[in-house]
Every structure is written in C-alpha cells, then in structure tokens.
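The values are calculated or read from the model by the stated rules, or taken from the named source; none is laboratory data. This is a predicted model, so every value here is computed, not measured. Here the Cβ positions follow ideal geometry from the backbone for every residue, glycine too, while neighbour counts run over all protein chains shown.
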C-alpha cells in the first residue's frame with residue numbers, strides 16, 4: 001500500500017492533475033426498525049483527474065442489524081471499488097474491479113426457491129469499451145464477472161460457488177433530423193455449482209428517439225420508444241416476457257433561475273397468452289435558485305413521483321439549501337411517501353412523513369460538512385414517531 005501511495009504522489013506532482021479526497025460517516029438508529037433500521041456506514045476514497053484520464057477509488061463499510069419486528073438480513077462488510085477511465089481519439093476504456101469482504105456472513109436468497117445462504121466474500125471485475133463520433137454514432141461494449149463465496153443453509157450442501165457473467169453492447173446512430181436509432185443486447189448467465197444450477201437469459205433492445213432541433217429558447221424535449229425481446233427465465237423459473245416502453249421528458253427553464261423537469265414512462269409486457277400493462281411512472285421536479293445572504297448559491301427543489309404496476313408508490317418531497325453567511329447554509333427537507341408495507345396491521349400499505357432541518361458549512365479549502373435531524377412518523381399500528389440524525393464530511397484537499 002505504501003508503494004502505491006508513493007507512486008500516486010509522484011504522478012500527482014509530475015503531471016498537471018487534480019486530486020480530490022472525500023470521506024463521509026452515516027449513522028441511523030431507530031428502536032422499532034420500521035424505517036431504515038439499524039445501520040451505520042463509513043465511506044471514503046479519492047479521485048485523480050488528468051487531461052484525458054481519471055482514477056477513482058471508493059471504499060466503504062456497511063453494517064445493518066436485523067430488526068425484531070421487520071425481518072432484515074444482517075450485513076457487516078467492507079467494499080472497495082476501483083475504476084479508471086481513459087479517452088483518446090473518440091475511444092473510451094473503462095476497467096473496474098469491486099471487492100466485498102464480509103466481516104460477518106451476509107444473508108442471501110438463492111434462486112428458484114433453493115433456500116437461503118450466507119455470503120462470505122464477492123469479487124466483480126469488469127471492462128467497458130466505447131467509441132464515439134460526435135453527432136453521428138456511438139458504439140459501446142461491456143462485460144462483467146461476479147464470483148461469490150456462498151455457504152448454503154442446506155444439510156446436504158455445505159457451500160457453493162455462485163458465479164455470474166454478463167456481457168453486451170449497443171450501437172446508436174444520430175440522424176440529421178434530430179432523431180436517433182439504437183440496437184443493443186445483453187446476455188446473462190448464473191451458475192451455482194453445488195446445486196447444478198445453470199440458467200441464462202438474454203435481451204435484444206431496439207429503440208428510437210427524437211429530440212426536436214427547433215424549439216423555444218431554454219426548452220428541451222425528448223421522446224423515445226424501446227422494444228426488448230427476452231429469452232430465458234427469471235430467478236423464479238417463469239419465462240421472461242417481451243417489453244415495450246415509451247418515455248417522454250420535458251425540461252423548461254422559465255427563467256435563468258427557475259426550471260421544471262417532467263418525465264413520463266409506460267411499459268407493456270407481452271406474454272405468450274396475454275398482454276399486461278407494465279409499470280407507469282411520472283415525475284415532476286421544480287428548482288428555484290437564488291442568492292441568499294451568504295456566498296454559497298441557494299436553492300429550493302420541489303418534486304413528486306408516482307409509480308404504478310402490481311404495487312403503487314407515491315412520493316412528494318421538498319429540499320432546500322439557504323445560504324446564511326460565509327459558507328454556512330441552512331438545510332430543509334420534507335418527504336411524504338406512500339407505498340407497500342410488510343408490517344402487520346397496515347393493510348398492505350403505509351404512509352411515511354419525514355420533516356427535518358440542519359446546517360451545512362463549506363470552507364474555502366473545499367471541505368464540506370453537514371448535520372441534519374429528521375423526524376419520521378408512520379401510520380403503523382399503533383402510530384409511531386421516531387427521530388434520526390444524519391451527518392457527513394467531505395473534503396477536497398489538494399489541487400496541482
């Protein structure tokens with residue numbers, strides 16, 4: 001590790017690069033486990049940027065407890081993700097690797113109702129390649145490999161090696177009239193050696209979209225449609241249906257400091273003997289920017305989202321950052337969420353109300369720290385209210 005650090009410092013000193021480091025701590029604790037349960041994690045890493053390359057290392061530790069009321073899998077693991085991106089002459093190379101080490105075995109569910117198990121470690125290398133001719137076409141390819149060390153809770157199986165391979169690619173052509181056409185595909189294979197489980201599925205995507213070339217000032221509109229042809233089965237053993245999805249997105253900048261963002265999407269699934277409507281999603285987001293009283297930009301964001309399929313979820317939220325003085329800002333948050341619940345006595349659905357406030361301080365040297373208190377209420381049986389504190393710190397200490 002010390003040799004890697006020395007080489008990094010030499011590279012940063014010898015070349016015109018930008019070095020950024022970051023760190024954050026997050027602790028959540030509630031006694032009834034209806035919210036996020038018992039969880040704490042720490043995250044840190046660095047990013048080095050050059051003229052046509054970058055390297056990013058992200059390491060974190062996550063620990064969450066199993067609630068007595070709502071069953072949860074216990075997690076206590078370290079995770080490290082290292083990736084880099086190199087660009088030259090329209091080409092992009094993006095190698096990456098992710099390593100998970102479980103400090104205590106983490107619970108997993110095996111496919112096809114084969115039971116449950118515990119993961120001890122996981123490894124996932126990957127590589128993406130791409131070529132872009134701006135305004136004309138794009139070609140991309142990606143491959144990833146997962147290897148998980150799993151101990152099965154089965155009297156006849158002591159452990160099993162869980163491996164997954166996923167690869168695919170796509171080609172996108174930008175037409176001269178503002179539209180685009182794309183064709184792509186992906187293939188995925190899962191193996192559990194001790195169970196003689198070997199299942200694969202694949203998908204081919206055909207999509208088209210249109211972005212008007214002539215539109216009013218500060219207005220953006222895009223519409224697209226995609227048809228996906230599936231082969232194979234899901235983890236439950238059911239055949240995967242083909243899916244058609246239509247999407248629409250509109251962005252309107254009413255003024256330089258006021259923006260609206262609206263999106264809609266609707267899917268339909270085609271089975272052998274019937275057609276079902278897939279998920280419907282709609283969302284709206286409004287952002288208002290203003291100067292405030294300090295030297296940090298202030299903003300207020302109001303948004304709403306609706307998703308309907310076999311289940312329904314609704315979300316309304318408010319987020320605000322108001323600059324007070326010399327890098328100090330007040331934070332405001334509010335959320336109203338409605339969705340499915342596994343808690344007995346809630347009728348299958350429940351409502352969560354979250355309100356909170358806090359402070360954020362941004363220093364001249366790039367350091368950023370915040371703390372926020374949130375009060376959450378839920379229409380459980382009986383109604384319950386609890387609070388939690390979130391806080392973090394980020395820093396970007398050196399630039400060369």
Report task. Residues being free of Cβ contacts under 8 Å to residues at least 40 places away in the same chain and at negative phi: count how many of those fall in segment 189-209. Result -> 14
Requested in this report: Can you tell me which residue among 295, 242, 257 is over 27 Å from the mean Cα position of the chain (by Cα), in contact (Cβ under 8 Å) with a residue 24 or more places away in the chain and either surrounded by 15 or more Cβ atoms within 10 Å (Cβ to Cβ) or within 26 Å of residue 369 (Cβ to Cβ) (or both)?
Outcome: 295
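Using the structure shown, decide if residue 168 is over 24 Å from the mean Cα position of the chain (by Cα) and touching a residue at least 24 places away in the same chain (Cβ under 8 Å).
It is false that residue 168 is over 24 Å from the mean Cα position of the chain (by Cα) and touching a residue at least 24 places away in the same chain (Cβ under 8 Å).
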Query raised in the report: Which residues, taken from segment 197-219, are surrounded by 15 or more Cβ atoms within 10 Å (Cβ to Cβ) and not in a strand (DSSP E or B)?
Result: 211
Report task. Test residue 230 against the criterion of being without any contact (Cβ under 8 Å) to a residue 40 or more places away in the chain and closer than 26 Å to residue 183 by Cα, and give yes or no. Result -> yes
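Which one of 207, 113 is at pLDDT below 80 and more than 27 Å from residue 98 (Cβ to Cβ)?
113
Okay, residues lined up against (1) on the phi < 0 side of the Ramachandran plot; (2) in contact with a helix residue (DSSP H, G or I) (Cβ under 9 Å, 6 or more places away or on another chain); (3) at pLDDT 95 or above:
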position: 276; (1), (2), (3): yes, no, no
position: 282; (1), (2), (3): yes, no, yes
position: 295; (1), (2), (3): yes, no, no
position: 310; (1), (2), (3): yes, no, no
position: 314; (1), (2), (3): yes, no, yes
position: 317; (1), (2), (3): yes, no, yes
position: 323; (1), (2), (3): yes, no, no
position: 345; (1), (2), (3): no, no, no
Query - Answer residue from segment 83-106, given it is surrounded by 16 or more Cβ atoms within 10 Å (Cβ to Cβ) and under 21 Å from the mean Cα position of the chain (by Cα) and is modelled with the lowest pLDDT among those - result: 106
Query raised in the report: Just checking, which of 285, 352 is surrounded by 16 or more Cβ atoms within 10 Å (Cβ to Cβ), in contact (Cβ under 8 Å) with a residue 40 or more places away in the chain and in contact with a strand residue (DSSP E or B) (Cβ under 6 Å, 6 or more places away or on another chain)?
Result: 352
**Report entry** Those residues of segment 185-196 which are surrounded by fewer than 16 Cβ atoms within 10 Å (Cβ to Cβ) and modelled with pLDDT under 90, in sequence order
**Finding:** 193, 196
